[in-house]
Amino acid sequence: MTVTAPERPSLKHRLAERGVDRTLLLLVPGVLFVVLLFAYPVLYGLQLSFQPAEGGSPFANYSTFFSDPYLADTIWTTLRLAIPAALINVLASIPIAYRLRGRFRGKRFLTTILVVPITLGTVLTAEGLKQYLSPVGWFNRILMALGMDEPMRLVPSWTAVLFSLIITGFPFAFLLTLSYLSGIDPTLEQAAATLGADWRRRFRYITLPLLAPGLAITFCLTFVLAFSVFPSAYLVGLPQGETRVMSIAAYEAAFRDGDYPMGSTIAVIMAVVMLVVIALVLAWRSRLYRGATGGKG
Amino acid sequence: MNTAFAELHIDHVSRAFGEHIALRELDLTIKGGEFVALLGPSGCGKSTALNCLAGLLPLTGGQILMDGKRVDTLPPEKRGFGMVFQNYALFPHMSVRRNVAFGLSMRKVARTERERRVDEALRLVQLTDHAAKFPAQLSGGQQQRVAIARAIVLEPRLVLMDEPLSNLDAALRLEMRSEIRRLHQTLGLTTVYVTHDQEEALALADRLVVLRDGLVQQIGSPEEVYAHPANRYVAGFMGYRNLLPVAMSTSDTVTGEGFTLSGVNRDGLTEGAAVAAFRPTDVTVADTEGENTVRAAVEIVEYHGREQAVEARLPGGEALHVRTESRLAPGDEVLFHVPRERVLVFAP
Ligand SMILES: Nc1ncnc2c1ncn2[C@@H]1O[C@H](COP(=O)(O)OP(=O)(O)OP(=O)(O)O)[C@@H](O)[C@H]1O
Ligand SMILES: [Mg+2]
């Protein structure tokens, strides 16, 4: 009598168990796209940054960057703009989204209005802001009409850049926060109410903790948007001073001085700084509760 | 803390959503310690009534009085009513213990007292071993019990339950049903319980309120509602599955197509169209033609253990539902009998 060993499942079957089957082919266009348009340029820039224009050590560009305060300080300049902008965007969107989370008339109209600044893009916004806040712009004309003697000098300034980052970043943060909020089961708040929590404590103990992971993501996204600010820092800011952000330094290195490797180096450092901030935020987020928003049936 | 009350008067409470009136002039007085079930088909306004009581929905008419004092003007957090939600609404980011403790922390109950009462509540619902878990790590029945513990730990003067058992499987439903009744009795609660399951309502409640389209159809004890349904809708809901369109011939006999029945005239009809209502379990197989016999052709037979559920076709084409221990087969021409005292005649 022969005992046949249990037959090994076919290779195809075993691969399918691990999620490898023909549907993977659907990913091919996406992977190609990422490789050609993202991975290749990034890797190209990365290797370029290690080939200094004047030759020498592969790290020469990096040591130049960190030893030259004019360059190294752009990190702080950029963070000083991007972090407040991202914080303001997130913090301002919480109460407004909380207030508007239910269904009401005109919600679609409001969201449309809010999407407009996103579609306008940063250049147009910065241009508009420059006109609006200029000494002969509307803002000053209104102030003068109200009895001011002299127009205020509002542009160029750090505040104007921050303001433009809020105009473009806030709608984005608001829409994200709103969608995270509407993912929270409304009966949770009702339950808290029947247990004696007024709206403040419902917000503090129920909504906010459930919203926090979403807020972390929202912060990261608006932070990244603000960190790579270029047009408004140039147009309404002080590109040689208070708003000399990293993208300006990179632009100057590559296109004014023709030093592509240095430009790439600054771009790589920008990416690393952003990744560090995002990693910190996500590390904080991983300590939060992150289950399905909303109660299980 | 929450003082018990003698009487909660729901005084002609209405709630409309735009044009649609979900609850019409609900008028009901609940005594302290009572177990009241709101019963009705889906969409009849049960949840609306409960949410109005809890303060989660503003009233569009009427008022709610507790021992003569208005409570419908209070926000939910000031009413001191406990509520068990249909989907449990457990806080997913808190452990079982913190879920149950939530109401006590909101009321600033001191820590030792709070711990004691949480332990007590967890013991009551037999969840002591699961105190450290999160809601997502619990089975449906356990989540259910957390929801109940969270509501009763405050010793609320009124407990509201919105179809708390509808998401559970049949066996667990029976178990939790006795659990709820047991808690109601041992803690001396006053409970308003919403369900669309007549059996559940009959088993649990001291008093039933049957709703249809936002309108109260009947209020009464389980016996009253079961044996003396007020109209054909309540009858239909209470297991009178046979609702045959008939015409009155005398004050206690009616004729349908191909049959004549004697019954109890509930609406004082003397002529015109009516509905003859009786339960499938009251129908038996007859040997000889006589009073209250009808002939019907068996179409569908379902096996239910000792009994069979039979659907037969009457000469006029209406379905006759029968539950019987006699063994019947599709295609049989059978003579059925219904005792006259079991046939209720209602206005259509
Ligand atoms: N927020 C709302 N807006 C508009 N109509 C509503 C709203 N809530 C409920 N209704 C309507 O009111 C009626 C009663 O609803 P309710 O939720 O009280 O029904 P129910 O008896 O609890 O039903 P179910 O057993 O399905 O839970 C329904 O017709 C429903 O469509
Ligand atoms: Mg309901």
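The values are calculated or read from the model by the stated rules, or taken from the named source; none is laboratory data. The model shown is predicted, which means the values in this text are computed figures rather than measured ones. Using ideal geometry, Cβ is built from the backbone for each residue, glycine included, and neighbour counts are taken over all protein chains shown. Please note that ligands, DNA and RNA were not included when accessible areas were found on the heavy atoms of the full protein model with its side chains. Shrake-Rupley method; radii C 1.70, N 1.55, O 1.52, S 1.80 Å.
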Any hit, region B:47-54, residues being more than 8 Å from ligand 1 (Cβ to nearest atom), part of a loop (DSSP other than H, G, I, E, B) and of a type outside the set (Gly, Ala, Ser): no
Residue pairs meeting the criteria (Cβ under 8 Å; at least 6 apart or on separate chains; first closer than 20 Å to A:ARG202 by Cβ, in region B:44-61; second more than 9 Å from ligand 2 (Cβ to nearest atom) and small (Gly, Ala, Ser)): B:GLY55/A:ALA193; B:LEU56/A:ALA193
Residues of region B:191-204 satisfying the condition of being away from ligand 1 (no atom under 16 Å from the Cβ) and either within 14 Å of chain A (Cβ to nearest Cβ) or open to solvent by 10 Å² or more (accessible area, probe 1.4 Å) (or both): B:LEU202, B:ALA203
Condition met for B:GLU179 (open to solvent by less than 40 Å² (accessible area, probe 1.4 Å), in a helix (DSSP H, G or I) and away from ligand 2 (no atom under 16 Å from the Cβ)): yes
Filter pass, B:GLU25 being surrounded by fewer than 20 Cβ atoms within 10 Å (Cβ to Cβ) and within 27 Å of B:VAL153 (Cβ to Cβ): no
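Results for (1) under 16 Å from B:TYR193 (Cα atoms); (2) among the charged types (D, E, K, R); (3) within 16 Å of ligand 2 (Cβ to nearest atom), shown as yes or no for each residue.
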{"position": "B:VAL13", "(1), (2), (3)": "no, no, no"}
{"position": "B:ARG24", "(1), (2), (3)": "no, yes, no"}
{"position": "B:LYS31", "(1), (2), (3)": "yes, yes, no"}
{"position": "B:LEU39", "(1), (2), (3)": "yes, no, yes"}
{"position": "B:SER42", "(1), (2), (3)": "yes, no, yes"}
{"position": "B:LEU50", "(1), (2), (3)": "yes, no, yes"}
{"position": "B:LEU53", "(1), (2), (3)": "yes, no, yes"}
{"position": "B:LEU59", "(1), (2), (3)": "no, no, no"}
{"position": "B:ILE64", "(1), (2), (3)": "no, no, no"}
Within region B:16-32, considering residues that are within 18 Å of the chain's Cα centre (by Cα) and away from ligand 1 (no atom under 15 Å from the Cβ), the one farthest from the other protein chains (Cβ to nearest Cβ): B:ASP27
Criterion (open to solvent by less than 30 Å² (accessible area, probe 1.4 Å), of a type in the set (A, V, I, L, M, F, W, C), at pLDDT below 90 and away from ligand 1 (no atom under 16 Å from the Cβ)) met by exactly one of B:VAL125, B:VAL159, B:VAL153, B:VAL118: B:VAL125
Any hit, region A:173-184, residues being of a type in the set (A, V, I, L, M) and within 14 Å of another protein chain (Cβ to nearest Cβ): yes
Whichever residue in region B:58-91 is aliphatic (A, V, I, L, M) and at the interface with chain A (Cβ under 10 Å from one of its Cβ atoms) and, among such residues, is farthest from B:PHE237 (Cα to Cα): B:LEU90
The listed residue being away from ligand 2 (no atom under 16 Å from the Cβ), within 14 Å of another protein chain (Cβ to nearest Cβ) and either at positive phi or among the polar types (S, T, N, Q) (or both), out of B:GLU163, B:GLU155: B:GLU155
From A:VAL90, A:VAL123, A:VAL116, residue being crowded, with 17+ Cβ neighbours inside 10 Å and farther than 15 Å from A:ARG244 by Cα: A:VAL90
Residues satisfying the stated conditions in region A:241-294, i.e. open to solvent by 30 Å² or more (accessible area, probe 1.4 Å) and touching a Cys at 6+ places or on another chain (Cβ under 8 Å): A:ILE278, A:LEU282
When residues of region B:259-312 are limited to those that are among the aromatic types (Phe, Trp, Tyr) and touching a residue at least 40 places away in the same chain (Cβ under 8 Å), the one nearest to B:ARG327 (Cα to Cα): B:PHE278
Given (1) open to solvent by less than 10 Å² (accessible area, probe 1.4 Å); (2) within 14 Å of chain B (Cβ to nearest Cβ); (3) of a type in the set (A, V, I, L, M), index of the condition A:ALA233 fails: (2)
Tabulated pairs, region B:115-137, first away from chain A (no Cβ under 14 Å), second not in a helix (DSSP H, G or I), C-beta under 8 angstrom, 6+ apart or interchain: B:GLU120/B:VAL153; B:LEU122/B:ALA131; B:HIS130/B:LEU138; B:ALA131/B:SER95; B:ALA132/B:SER95
Condition met for B:ALA230 (of a type in the set (Gly, Ala, Ser), within 16 Å of ligand 1 (Cβ to nearest atom) and either buried (at least 18 other Cβ atoms within 10 Å of the Cβ) or more than 14 Å from every other protein chain (Cβ to nearest Cβ) (or both)): no
Which numbered condition B:THR73 misses (of (1) more than 13 Å from ligand 1 (Cβ to nearest atom); (2) in a strand (DSSP E or B); (3) open to solvent by 50 Å² or more (accessible area, probe 1.4 Å)): (2)
Among residues of region B:55-70, those that are surrounded by 20 or more Cβ atoms within 10 Å (Cβ to Cβ) and out of contact with any Asp or Glu (no Cβ under 9 Å at 6 or more places or on another chain), counted: 1
